[in-house]
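Any read-out appearing in this document is the output of simple, stated calculations on the displayed coordinates, not a laboratory observation. Just so it is clear, the structure is predicted and the values come from calculations on it, not from any experiment. Here the Cβ positions follow ideal geometry from the backbone for every residue, glycine too, while neighbour counts run over all protein chains shown.
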Amino acid sequence: MLSRPLYLTPILAQIGTPFVKVLVGMRRVGKSALLVQVREALMLQGVQAAQICWVDKEDLAFDAIRTYLDLASHVDAVFGSAQAPLKKYLFIDEVQEITEWERAVRHYAKRDDIEVFITGSNAQMLSSELATQLAGRYTAFTIHPLCYREYLQFCPGGDFQSFMRLGGLPGVALLHSEQAKQQALEGILHTAMFRDIIHRHSIRNGALLTDILKFLAINIGYPTSTKSMADFLKKERVSLAFETVREYLGYFAQAGLIHPVGWTDAVGKRSMELNQKYYFADVGLRNRTTGWRDNYIGQVLENVVHHELLVRGYAVEIGRVGTLEVDFVATRMNEKLYVQVCYLLASESTVEREFKPLLKIPDAYPKLVLSMDTDWGSDYNGVKRLHLVDWLLAAY
C-alpha cells in the first residue's frame, strides 16, 4: 500500500486533538487506504489492537451494523461502555451507510478516552451537513484523486499522456494493462452513478443522467446554463424542466464526480452571477464518459490544472476582467494566483488572447500562463510563462 504523505501527514498531525477526523471525497479516491495507514501509524507508536475498533461498511463482516444503535452496541462490545484511562481509537469506513450515524459518532466524540476517525462518500459528508451533524466537533480532510506527482509514484512507467487519458484514481493507476484500467473506470463510474445518484435519489431514467454527464464532459471550460443543457436534451428528444436539470447537476456534485466553479470580478473583487463552469474530479472518468479525442486536449489540460489547484489547497473561481476571462483565480489564506491555461501559444493572436486579461489586472499577485510549449521566450510584461508539466511537478 503506497503512502500519500500529502494527506497522511496533516491527518497524523491532528492525532490527540478532541475533534472527529473526517476523510471525505468521491468513491475510490483512496480514503480507506489512508484510514488503514493511520491505524498502522498508531500501532507503530505503540497502540495495541485492543485499543482499536474498526468498522468497514464495505466488508460483509459488518453488514449487521445498519443503524446508530447497532454501531453503539458494537463499539461498546469492543471497548466497554465506561470510560477508561487507556486511549482508544474508533475507525468507521463509509460511515454514511449507517442510518443516523452522527448520533453515535457525537456520543463517542464526547468521551475523553475515544478518538474517532470516519470516511464518507456522498452528500451527507458535505461541509454544510457535517456542520449540522457534528456541530463543530470535526476536522475535515478532502481527499482528491492523485495529482501528477503522486501518479508517477503509483505508476512509475506512466507519463503525462497516460495521466491525461486515464486520470489519477489510485486503484486504477496501480493496474498494469490499458484494458484493466478502462474496465475499472467504467465500474467506478457505474457505481457512483447508481449508488450515489440513481438509488439515493430514486431516479428512474439512468440513461438521461448519462446524457447530462456526457454534455458536461464535452463542455469542460465553457459556461454552462441549465437552459443550454435543457436545449441539448430537447434535441435528443428528451424534455426536462430547468429545475430538474439543476437538481441533477447538484447530485453529480454531491457524489463528487464534478466540481462547479463560479465567477468573480478580478478587478472589482465582487462575485458575479454568471453561468458556472464544471470540471471533473478525475479526468479519467471524464474521458471514459466521452472517449478520448485529441481535439479535447485543451479542455483536459484545463481540468488537470483545476484539479492541481484544489490539491494545493486553493479555492478556485473563474475571473472576469471587463469582457475578458481569466481561467482561474485561486485563493489560499492571504495568497492569490491568476492562471491561464493554453495547449500551445502557437500564434501572436493566441499570445495576446492569453496574456491580455492578466495584464489588465492591477494588483501584484502572481500571474501565470501554463502551456505545453517547449520553445520558450522570456516572461511577458511580468506575467510568467511556465511549462504546464514543470508546474505540476514543482514543489509548493
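The long axis of helix 31-44 is offset from the longest Cα principal axis of the chain by roughly 50 degrees.
Within straight-line reach of K110, meaning a Cα separation under 17 Å, sit the following lysines at least 8 residues removed in sequence or on another chain: K21, K87, K88. Put in order of Cβ neighbour count within 10 Å, fewest first, the listed residues D373, D379 become D379, D373.
Which whole-number percentage describes the relative contact order of the chain, with Cα contacts under 8 Å and a sequence gap of 6 or more? Please list the in-between numbers first.
Numbers: 596 pairs, mean separation 51.0, N = 396.
Over the chain, the number comes to 13 percent.
The C-alpha atoms of the chain define a longest principal axis, and helix 297-311 lies at about 40 degrees to it. The equivalent ellipsoid of the range 5-142 has semi-axes of 19, 18, 15 Å, largest first, where each one is the square root of 5 times an eigenvalue of the Cα gyration tensor.
Between 0 and 90 degrees, the angle of helix 68-79 with respect to the longest Cα principal axis of the chain falls at about 60 degrees.
Exposure proxy shown here: for E247, E97, the number of other Cβ atoms within 10 Å sets the order, fewest to most, as E247, E97.
Pairs of Lys residues in the range 204-393 are counted when their Cα atoms are under 23 angstrom apart and they lie 8 or more places apart or on different chains; the count is 26. The spacing between the range 333-385 and the range 211-252, judged by their C-alpha centroids, is 32 Å. Of all aspartates and glutamates in the structure, the ones whose alpha carbon falls short of 16 Å from that of K57, not counting any fewer than 8 places away in one chain, are D70, D93, E94, E97, E100, E102, D196.
If R0 equals 35 Å, the separation of the Cβ atoms of K356 and D231 corresponds to a calculated FRET efficiency of about 0.65.
Which entry in [x] 72, 43, 39; [y] 72, 50, 46; [z] 60, 47, 39 is this structure's computed Cα extents along the principal axes in Å? Checking each listed value against the structure points to [y]. The stretch between A64 and T331, if pulled fully straight at 0.36 nm per residue, gains 91.7 nm over its current Cα-Cα span.
Between Q179 and D159, take the C-beta separation as r, use R0 = 25 Å, and let me know the FRET efficiency to the nearest 0.05.
Values: r = 19 Å, r/R0 = 0.74.
In this case the efficiency is close to 0.85.
Amide H contacts under 5 Å for I258: A253, A281, restricted to partners 5 or more places along the chain or on a different chain, H placed in the peptide plane at 1.01 Å from N. Rounded to the nearest whole Hz, the Karplus-based 3J(HN,Hα) values (6.51 cos²θ - 1.76 cosθ + 1.60, θ = phi - 60°) of the range 12-25 follow the sequence 4, 5, 8, 4, x, 7, x, 8, 5, 8, 10, 9, 10, x, with x at glycine and proline.
Sequence-ordered 3J(HN,Hα) estimates for the range 102-115 from the Karplus curve with 6.51, -1.76 and 1.60 and θ = phi - 60° stand at 5, 5, 6, 5, 4, 4, 6, 5, 6, 7, 5, 9, 10, 10 Hz, glycine and proline given as x.
For the range 227-315, the relative contact order comes to 17 percent (Cα pairs under 8 Å, sequence separation of at least 6). Please report the antiparallel percentage of the DSSP beta bridges confined to the chain, to the nearest 5. Expressed as a percentage, antiparallel bridges in the chain total about 35. Near W263, the amide H atoms lying under 5 Å from its own belong to M272, L274, I318; only residues 5 or more places off or on other chains count, and H is placed 1.01 Å from N.
Over the range 111-197, what is the mean sequence separation of C-alpha contacts under 8 Å (at least six apart), divided by residue count, expressed as relative contact order in percent? After rounding, I find 19 percent. The ranking of M1, M372 by Cβ neighbour count inside 10 Å, starting from the fewest, reads M1, M372. Could you give the distance between the Cα centres of the range 21-69 and the range 71-113, to the whole Å? Between the Cα centre of the range 21-69 and that of the range 71-113, the gap is 12 Å.
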